[in-house]
Structure formats: C-alpha cells, structure tokens
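Just below is one structure, and these are the notes that go with it.
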Amino acid sequence: MVGLIVAVIIFYLILLTICTIIYSKLTSISIINPLKKLSSSARRLKEGDYSSRVNLNLKNEFGELECIFNEMAEQIQQEISLRKQSEENRKKLILDISHDLKNPLASIMGYAEFCNNNADLSREEHSTYLKVIYENSLRANNLITDLFELSKMESPGYAISKTKVDICEYMRKEIGALITTFDKFGFDYDFEVPEKEINAFIDIKQMDRVFQNLADNTVKYNPKGTKVMISILEQGAEMIIIFKDNGIGIPAEIAKDIFNPFVRVDSARNSQTGGTGLGLAITLKIVVAHGGNIKLKTGVNCGCEFIIKVPKI
C-alpha cells in the first residue's frame, strides 16, 4: 500500500514537472516572440526604415506596447518627412533667391560698366541706362525687403500689434485708397460693405499690406477692363472678406502652391510685372498671425476669389 502511494506521488510529481516545463516553454514563447518582433522593428527604425511597424495582434501589455511603438514610429516618420520637406524648401528658396537677385544685379553691373567705359555717350543714352540701373536696383531692393519681412514672420518671436477696429469703416478707407490703383489701370469695381459695425482685433499696418498685395497682383496679371469686387460677410464668430475679380484666373497646378514663396503665375522669372514672388506668402503669414486663414478659388479664365476669414469680437 505504501509502495502504491509512493508510486502515485512520484507519478504526480513527474506529471507536475512535465506540465511546469511545458507551461514555462509556452510562456517563454509568448514573451520572447513579441520581444523579438519589437526588437527587430526597433532595429529597422534605428537603421533608417521609418516605415517599420509591429503587428502582434495581442490584447495584453504587449498589445499596449505595440500601440505605443507604432505611434512613436508614425510620429518619427512624420517629423522626418517634414524635416526633409523643410530642407528641400530651404534649398529651393536659396536657389530662387539667387536666381531672382542674379538678373537685376547682372543688369546693374553690365549697364554701369558700359556707361563707365563709354564716356562719349549722349545725355539721352546716359539717362536711359541710368533708368535701367535704377529700376533693377529697386527690384533687388524690393526682393531683399520682402525676404526680410518674410523671415521676420517665420521667426518664433514674431507678433503683430492688434487694436480694436470697426472692419466696415476700415474697409471703406482701404477701398478708397485702392480705387486710385484700379482707376489707373482701367479696372471696373464694385463694393459691398455693410452699413453696420463689425469689430475685430487687427494690425492695421499689416492688414493694409494684405489688401495692397491682393490689389497689386490683380492689376499685374489681368487686362484692362477687369472687374474687382470686394465684400464683407459675417459667419458665426468669423468675419469674411472676399476679394474677387473676373480676370484670367490661375491654373490649378499653380493655384495649389500660390501661397508658397516664389510661386508666380507668369512662367518667366523677374518678368516686366516686377513682382518678387513673395507677396502672397507674406499675405498668408499676416492673416494667420491674426488667427484667421485665406483661401483661393480660381481656374483658367474663371477669375480669382480670395476668401479671408478673421475672428470678430
């Protein structure tokens, strides 16, 4: 009887040992395999494969770790992508600046050298060449000034000086100033400003620049007789200013990037329009600094409609 009891005990001990070993192996596999997958994905991420992800399909602590790892990898991939895009934009900006400065400076140097080496030039010729030098100097100066302004607006410490303004009254004064430009270029115009008070906090000097940039672009790229329409609307907590024309419009492939620096409607750089290619980039920065946004609706031969939204009081 004692022998039988001992045999049963030994059997159960052996069975328990076998079960413990099997359980340990299974537990070990359930821990080691996820760790191996996490380790492999982390190694690929370290080596520059930012698309690396983990797929464990578990609902335990490893499942939580999988979510955390994948979210981290996604964030890293986005930041790397943004950094690469930023670097490409920086290189493009430098190339654009170099190109846009090279042409006027080359003209200045060329005409200055020509005048210096030809003392027998007539007074009229001298005056013509000096005018070319001055115009190219002005173009280079405008580009440098706009670059300086854009650089300031992109700095972390950039801030505008806002005051409480009745937008309707402000726009009446602004429109009065713009009418001179429209008349000069033979443009028609129509304005809709509500006979009421709509208040907002704006930087008057900077907002003046927004509408001057829009007006300058309109008269540069559209023919005589184009009609400009400016209107003001209210929509909830926002005030909407619409600056619209029925001119030639902008092709879709250009319109999508129109608020980026050096994006121009004309294909020729430094054309006779004399623009720096920074006006709308500066306009966007100013509107965003006011807590608003600006969008463009356009198409070839469909005119341009700039929609500015700014918070009202």
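Values computed for the structure shown
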{"quantity": "Among 245-252, 10-17, the order from most to least packed when residues are scored by Cβ within 10 Å on average", "calculated": "245-252, 10-17"}
{"quantity": "Stokes-Einstein D in µm²/s, Kirkwood radius over Cα pairs - the range 93-154 at 37 °C with 0.692 mPa s viscosity", "calculated": "255"}
{"quantity": "Farthest positive-ward along the chain dipole, Cα basis, beta-carbon charges - from ILE80, LEU284, ALA112", "calculated": "ILE80"}
{"quantity": "Dipole magnitude of the range 163-311, debye to nearest 20 (Cβ charges: Lys/Arg +1, Asp/Glu -1, about Cα centre)", "calculated": "460"}
{"quantity": "P(r) of the chain over all Cα-Cα pairs, binned every 10 Å from zero, in whole percent", "calculated": "5, 17, 20, 16, 13, 9, 6, 4, 4, 3, 2, 1, 0, 0"}
{"quantity": "Rounded to whole Å, sorted largest first: equivalent-ellipsoid semi-axes of the range 114-223, Cα gyration tensor", "calculated": "39, 22, 10"}
{"quantity": "Sorted peptide list for 114-122, 285-293, criterion being average Cβ within 10 angstrom, highest first", "calculated": "285-293, 114-122"}
{"quantity": "Tilt relative to the chain, helix 123-154 - C-alpha long axis, 0 to 90 degrees, to 10", "calculated": "30"}
{"quantity": "Debye equation applied to the C-alpha atoms of the range 2-79, log10 I(q)/I(0) at 0.16, 0.20, 0.23, 0.27 Å⁻¹", "calculated": "-0.67, -0.86, -0.99, -1.17"}
{"quantity": "Surface/4 of the Cα convex hull for the range 163-311, nm²", "calculated": "8.4"}
{"quantity": "Relative contact order of the chain, defined on C-alpha pairs under 8 angstrom at six or more residues apart (%)", "calculated": "14"}
{"quantity": "Highest-first arrangement of 209-221, 74-86, where packing means the average Cβ count within 10 Å", "calculated": "209-221, 74-86"}
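Just so you know, all these numbers are worked out from the coordinates, no wet-lab data involved. Please read all numbers here as calculations on a predicted model, not as lab measurements. Virtual Cβ from ideal backbone geometry, glycine too; neighbours counted across all protein chains shown.
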